[in-house]
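Input: a single structure, listed below in C-alpha cells.
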Amino acid sequence: GFHPLLGEIKSGILAGGIILDATKAPAQLSADISIQNLDYTRLSTMMKAAADDHGRADVKMTLTAKGNNGDALWQDLDGKMMVVAGEGELSNPLISLWGGGLLNAMLPSFGQEDNLRLNCGIGDFEVTNGIAQTKTFFLDTDGVTVVGDGEINIKESTIDLKLEPKSKGAAFF
C-alpha cells in the first residue's frame with residue numbers, strides 16, 4: 001500500500017493512505033485521501049487553461065472495497081466523497097470541455113467570450129456498491145445557483161444528476 005501518502009497534485013497538497021491487502025480472500029482495499037487547495041482548473045489534460053482561469057477546492061475521500069480483481073473492487077466500493085470548491089473563474093473553452101452545453105441550457109445568455117464566476121460549490125456523496133449518491137450538490141455562480149440530486153456510477157464513469165438552476169436575475173411579477 002501507499003501509507004502514508006504525501007505529495008502534490010495539481011498544486012494541491014495530497015495526504016492520506018491507500019492499502020490493498022491481497023493476503024485476504026477477497027482482497028481488501030481501504031483509502032483515506034485528502035487534497036487541499038487543488039487547482040481544479042488544471043484537471044483537464046486535454047487543454048491548457050486560459051490565463052484568467054483560477055479556482056481551488058478541497059477533496060476528501062474515505063473508501064473501502066473487497067474483491068479479487070479490479071472490476072470487483074469498483075463494484076464493491078463503499079464510503080464517502082466530498083468536494084468543497086472556493087471562488088474561481090472559468091473561461092468558456094474550459095466550461096465547454098467539462099459541461100458540453102449544460103451551462104448554455106441553464107444560462108442561455110452566456111456567450112462564447114464570457115467567463116463563469118464560481119462563488120462556491122459543494123459536492124457531498126455517499127458511496128455504496130460503486131454508486132456515489134448525492135447528499136448535497138450545490139453550485140453558486142454570479143448568475144445562477146444550481147442544486148442537484150442523483151448519482152455517479154464510478155465504475156461505468158457515468159453521471160445521472162438532476163440539476164435545478166435558480167436564476168439570480170430580475171424577477172417579473
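Brief remarks follow.
- Only residues that are open to solvent by less than 70 Å² (accessible area, probe 1.4 Å) and in a strand (DSSP E or B) were counted in the range 13-31, giving 11.
- Subset of the range 153-169 [at negative phi, open to solvent by 70 Å² or more (accessible area, probe 1.4 Å), in a loop (DSSP other than H, G, I, E, B) and out of contact with any Asp or Glu (no Cβ under 8 Å at 6 or more places or on another chain)]: GLU156
- Subset of the range 61-81 that is at pLDDT below 95 and among the polar types (S, T, N, Q) - its residue that is farthest from ILE35 (Cα to Cα): ASN68
- A residue that is within 24 Å of ASN115 (Cα to Cα) and at pLDDT below 95 occurs somewhere in the range 11-19.
- The condition of being in a strand (DSSP E or B) and at pLDDT below 95 holds for LEU116.
- For the range 82-95, the criterion of being at pLDDT 90 or above and closer than 28 Å to LYS66 by Cβ is satisfied by at least one residue.
- Of residues in the range 38-60 being at pLDDT 95 or above and open to solvent by 30 Å² or more (accessible area, probe 1.4 Å), the one farthest from LEU116 (Cα to Cα): LYS60
- The range 120-152 - residue that is over 16 Å from the mean Cα position of the chain (by Cα) and assigned to a strand (DSSP E or B) and, of those, modelled with the lowest pLDDT: VAL144
The values are calculated or read from the model by the stated rules, or taken from the named source; none is laboratory data. Just so it is clear, the model here is predicted, and its values are computed rather than measured. Ideal geometry is used to build each Cβ from the backbone, glycine not excepted, and the neighbour counts take in all protein chains shown. Side chains included, ligands, DNA and RNA excluded: accessible areas come from the protein's heavy atoms. Shrake-Rupley method; radii C 1.70, N 1.55, O 1.52, S 1.80 Å.
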